[in-house]
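Read the structure below first, then the notes.
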Amino acid sequence: MKRLSVLKKTDSALAISEVWEQPLRVISVTSGKGGVGKSNIVVNLGLALVRQGHKVLLIDADLGLANLDILLGLTPRYTISDLLALRKSIPDILVEGPGGLKILPASSGIPELADLDEYQKMFLLNELDNFSESLNIVLIDTGAGISKNVLFFNIAALERIVVANNEPTSITDAYALIKVLVTKYGETRFKLLVNGLSQPHQGEMVYRTMLKVMERFLGREISLDYLGMIPFDEAIPKAVLKQEPVVSLYPGAKVSRCFTELAKRIWESPPTSEMGSNVKFFWRRLLAYQF
Ligand SMILES: Nc1ncnc2c1ncn2[C@@H]1O[C@H](COP(=O)(O)OP(=O)(O)OP(=O)(O)O)[C@@H](O)[C@H]1O
Ligand SMILES: [Mg+2]
């Protein structure tokens, strides 16, 4: 991370203050169990971050079952499958969402993409690297489970937000995903976001349960930070039906304010920094692991 000296205007004088230039944040939003709210979280968190002045790219990494474009009411002309088929480049397939939010759309119903081969993975990371300089934050919607693609995108990211609710299946599957990322790929740091419950203490219960299981079976060196809870809110399914993010359609809804707060908290939390912002991000990750 680079330290910059900047001139800041105070009430009556100009003062020099130091700020930290943030490196590119690449964050996966992932889950063991499907349907826990990842895609809605990515869209609304992405938009909240854009509104706070960040340059954000959303990657729809649920490659065979695209969702982000649908949630945003967009109709992309090209998708990641055109990129992988060498027909198009990233700027060709990018679609622009509200406020300048950028989306890399996936395609629907192409089973071959559900399991990328090694060449496709390398190619995709290289293309993303060439494009990443104009961005502050990349959010990756990984799809659910422990498939090769889900694991690959979680490893390609530097920060992982695991989404769960209080259903035992959601907690067990979240743990299963974390376990594979720890034992097979040596990941050590995770964040938990609980979605779709009504009381904050329910979110804390999910966190405590996950932490206990992780400490017992994976040891205390593996960290799980609690990012909080997005409440259950009927405004979300209503917004989904209208194909608009809830933060745009119902900005005053409690859930929209939660996304705004979450965006601030994520940006202000220290990134898991292993490198300066000028280092090719995805290549570093690629070289660090064997997929
Ligand atoms: N906080 C919430 N309150 C109410 N409904 C919600 C909330 N979050 C998500 N939902 C609803 O849950 C459903 C699943 O959400 P979403 O598609 O975002 O999940 P997902 O984890 O991306 O699913 P998949 O694993 O299939 O990709 C949607 O119908 C959405 O309307
Ligand atoms: Mg989804």
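Throughout, read-outs are computed from the coordinates displayed, never taken from laboratory work. Everything numeric in this text was worked out from a predicted model, so none of it was measured. FYI the Cβ positions are ideal-geometry reconstructions off the backbone, even for glycines, and counts take in every protein chain you see.
Some values worked out for this structure:
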{"item": "Global form of region 35-93, assessed from the alpha-carbon gyration tensor, a/c cut-off 1.5", "result": "oblate"}
{"item": "For the chain, share of DSSP beta bridges that run antiparallel, in % to the nearest 5", "result": "25 percent"}
{"item": "Among the listed pairs K33/K55; K212/K238; K55/K212; K88/K254, those beyond 32 Å (Cα-Cα)", "result": "K212/K238; K55/K212; K88/K254"}
{"item": "Mean shadow area of region 23-288 over all directions, Cα convex hull, nm²", "result": "12.8 nm²"}
{"item": "For region 62-86 and region 220-242, distance of Cα centres in Å", "result": "23 Å"}
{"item": "GNM top mover of G143, G109, G196 - the chain, alpha-carbon springs below 10 Å", "result": "G109"}
{"item": "Long-range amide H partners of S31 with built H, under 5 Å", "result": "G145, V163"}
{"item": "Dipole axis of the chain (+1 Lys, Arg; -1 Asp, Glu on Cβ), positive-most option in N166, N40, L113", "result": "N166"}
{"item": "Mean residue ellipticity (222 nm) of the chain, computed from DSSP H runs ≥ 4 via -39,500 (n - 2.57), nearest 500", "result": "-12000 deg cm²/dmol"}
